1. Using a 10 Å cut-off around each Cβ, can you sort Cys49, Cys321 from fewest to most neighbouring Cβ atoms?
2. Rounded to the nearest 500, what is the chain's calculated 222 nm mean residue ellipticity when only DSSP H runs of at least 4 contribute -39500 (n - 2.57) each, over all residues?
3. How would you order 386-395, 94-103 from highest to lowest mean count of nearby Cβ atoms within 10 Å?
4. Does the range 218-261 classify as rounded, prolate or oblate by the C-alpha gyration tensor (a ≥ b ≥ c root eigenvalues; a/c under 1.5 gives rounded; else a/b over b/c gives prolate, otherwise oblate)?
5. Evaluated at 20 °C with a viscosity of 1.002 mPa s, what Stokes-Einstein diffusion coefficient in µm²/s does the range 77-219 have when Rh comes from the Kirkwood expression over alpha-carbon pairs?
6. Please work out how much length the chain gains when fully extended from Arg88 to Ser52, using 0.36 nm per residue of separation minus the C-alpha to C-alpha distance, in nm with one decimal.
7. Indicate the gyration tensor shape class of the range 189-236 (rounded, prolate or oblate), computed on the Cα atoms with a ≥ b ≥ c the square roots of the eigenvalues: a/c under 1.5 is rounded; otherwise a/b larger than b/c is prolate and the rest oblate.
8. Hey, of [x] 73, 48, 43; [y] 134, 52, 40; [z] 121, 49, 39, which did the structure itself give for Cα extents along the principal axes in Å when calculated?
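A short reminder: the numbers here are calculations on the coordinates, not readings from a lab. All figures in this text were calculated on a predicted structure; none of them were measured in a lab. Ideal geometry is used to build each Cβ from the backbone, glycine not excepted, and the neighbour counts take in all protein chains shown.
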Amino acid sequence: MVLFSKKIVLSGLFILWASTGFSQTVDLTIEEADSLFLVQNIDLLAERCNISMADAAITQAKLYHNPVISIEENVYNRLNHRYFDFGRNSEQVVNVDQLISIAGQHSKVVKEANRGHDVAMARFEELLRNLRAELHKTFVRLYFAQRNMKIYQNEIVSLRTTLDQLMVQEKKGNISKIETARIQALLLSVRREQNEFLDSVSSLQGRLRLLMSLPSSININAVFHSDISAIPDVSECDKLLTDSLMQRSDVMMARNQAEQAKASLDVSKSQAWPEVHITGQYDRNAGYFPNYFAVGVSLSVPLFNRNQGNIRSAKARIAQCEENYAGAIAKAQNEVAVAKENFIRALSLEKSVSDNFDKENINTLFQSVNENYRKRNISLIEFVDFYKTYKEAMLEISTVREKVFLSAEDLNMAAGREVVKY
């Protein structure tokens, strides 16, 4: 109930922000993104309609055949020369016909509808699995892209300050224009790369807004607690991953489709039995004696049509679904194995980077290099080379960390459940 209320509050806030017509920057955690996604995603809302249709199909399958009632009235009574005479000497006939399901036809149709509902549920879960993984990976990419923007911004601010000081010295004749031009070129290069990152951020923002059905006026600031030390070791969780495979939505969907095909075969076989009708008749005056009441039974004779084609088609459908089921299991097993290897490798690389690179020392060195260059203690070549090296190093560290979380999401998606929590 608390989670549902939180979803409603979040949705209401975004609607309120959108109604102002102004661009809004919103801090959003991955948990909040999940809540909005579950409530507002258009694809999920549309897929839920298929579940409702499957529910309706079960309701329809449980209904029995309606009786057929026919009434006949003599148009002209030749005894009294009256039209549509409803008197004692008139003639009326009433027939009642009721189709009776035999050979378990009714229960088998209901079972087939239930299996169809299971397929619809699994299809929804499969869509949810894919879209949620896309949401999480897009969120992670946005978070690290926005962090990388700060790296560029720090360089731009520092270069701008250095350039202003150099231009003052250039006017005094203390340094050459070549040195100033070189710093200007470096600043322009950093700004160009920053703009490329801005394009990536805009694209990621657009995709996130689409997944959560947010208005275009919302700018998302991804808030993410990227504590890699809290990520559990998955090298010894083979049993958990194996157990998860059979509950993966695409595997369950393939299994349910096979069960639905078997139910369809049972329905086709039951339809090979004769159609049985119970009939009742009342004839007022046309027989040998008045007020004739009769009951009867009629049935079709399965002489030519014994539903052979549909039975053969249903058997082929079962064989097809069983192959698809085996293929889904093999695909899931392979994806889990690959995702696990990639995750372990990404985690190992990140640990190696963390052990060999001290981010605080790099940032301190960055400030020191700026100060030493302004004091002319290092050359222009050394300064430019360090700026490029600093940027590449910081971006590489960020990429390595980002890869850990992306591979964690790949493993969660492959397993069909949250194996790696962070």
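1. Cys49, Cys321
2. -24000 deg cm²/dmol
3. Output ranking for 386-395, 94-103: 386-395, 94-103.
4. oblate
5. Value of D from the Cα-based Kirkwood radius: 91 µm²/s.
6. Result: 7.6 nm gained on full extension.
7. oblate
8. Computed from the coordinates, Cα extents along the principal axes in Å corresponds to [y].
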